[in-house]
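Since the structure comes first, as structure tokens, the remarks are kept for the end.
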Amino acid sequence: DQQVKQNSPSLSVQEGRISILNCDYTNSMFDYFLWYKKYPAEGPTFLISISSIKDKNEDGRFTVFLNKSAKHLSLHIVPSQPGDSAVYFCAASTQGGSEKLVFGKGTKLTVNP
Amino acid sequence: NAGVTQTPKFQVLKTGQSMTLQCAQDMNHEYMSWYRQDPGMGLRLIHYSVGAGITDQGEVPNGYNVSRSTTEDFPLRLLSAAPSQTSVYFCASRGLVSTDTQYFGPGTRLTVL
């Protein structure tokens, strides 16, 4: 049973517009959430995280929103750039940090010039 | 710093063969882990270590052994490879603080025939 779900395998947006990537989770014990970006033939790279005590975290063009009651989080990229084209993984942990991460299947984002 | 390095990049094995996937980090990180990624799937945790001499199982440990004799190295051993172990393997490391960024290596693509 998937505990972290990314229901959109792919997303295509125009350069300059907003990209919204969604993630749902089922385990109410998750208390730390992360987004990773992955280019082909490379390892994932950390993008942004959020603790369950917050509902928003922002870092430059990237903002993560957490809705605990809905068990839902989203990553907003504004404005989107062609270099943002990659697979984005949502991950969650019950340990208050990045230990024993549970990953979603990923969403492939394509930003068109 | 080289970060997290993994060797080899690619490997083809026959069923029943054994091999060791190497992982090393030069950031003096205490926490190291191994994940596998199958097509269309997120990363799944195989084994992890919170320091030299200490290892524990993750979500999918069967068929794999690990040891941690030094802070820098965390090899993953396949004792008798099976086609179900065909995957891309990622090693990761992180500092002691749970909210530290987890850094991933570039991955090893393993095919078991």
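The values are calculated or read from the model by the stated rules, or taken from the named source; none is laboratory data. Quantities reported herein were computed from a predicted structural model and do not represent experimental measurements. Cβ: placed from backbone, ideal geometry, glycine included. Neighbour counts: every protein chain shown.
Candidates A:A91, A:A86: the one that is within 13 Å of chain B (Cβ to nearest Cβ) and not basic (K, R) is A:A91.
Screening A:S28 with (1) surrounded by 18 or more Cβ atoms within 10 Å (Cβ to Cβ); (2) more than 14 Å from the chain's Cα centre (by Cα); (3) more than 12 Å from chain B (Cβ to nearest Cβ) gives one miss only, at (1). With respect to being part of a loop (DSSP other than H, G, I, E, B) and more than 25 Å from B:G105 (Cα to Cα), A:I20 falls outside the description.
Could we say that B:D56 is surrounded by fewer than 20 Cβ atoms within 10 Å (Cβ to Cβ) and in contact (Cβ under 8 Å) with a residue 12 or more places away in the chain here? It is false that B:D56 is surrounded by fewer than 20 Cβ atoms within 10 Å (Cβ to Cβ) and in contact (Cβ under 8 Å) with a residue 12 or more places away in the chain. Among the residues of region B:76-94, are any within 11 Å of chain A (Cβ to nearest Cβ), within 13 Å of the chain's Cα centre (by Cα), charged (D, E, K, R) and closer than 27 Å to A:W35 by Cβ? The answer is no; no qualifying residue exists. Filtering region A:31-45 to residues that are surrounded by 14 or more Cβ atoms within 10 Å (Cβ to Cβ) and of a type in the set (A, V, I, L, M, F, W, C) leaves A:F33, A:L34, A:W35. Of the set (1) surrounded by fewer than 16 Cβ atoms within 10 Å (Cβ to Cβ); (2) not in a loop (DSSP other than H, G, I, E, B), all apply to A:G96 but (2).
Here is a check on your reading of the model: is A:K37 of a type outside the set (D, E), under 13 Å from the mean Cα position of the chain (by Cα), at pLDDT 95 or above and part of a loop (DSSP other than H, G, I, E, B)? No; evaluated as a whole, the condition is false for this residue. All of (1) more than 12 Å from chain B (Cβ to nearest Cβ); (2) in contact (Cβ under 8 Å) with a residue 24 or more places away in the chain; (3) surrounded by fewer than 14 Cβ atoms within 10 Å (Cβ to Cβ) hold for A:E58 with one exception: (2).
For region B:57-76, filtering for residues that are farther than 14 Å from B:C23 by Cα, part of a loop (DSSP other than H, G, I, E, B) and not polar (S, T, N, Q) leaves 5.
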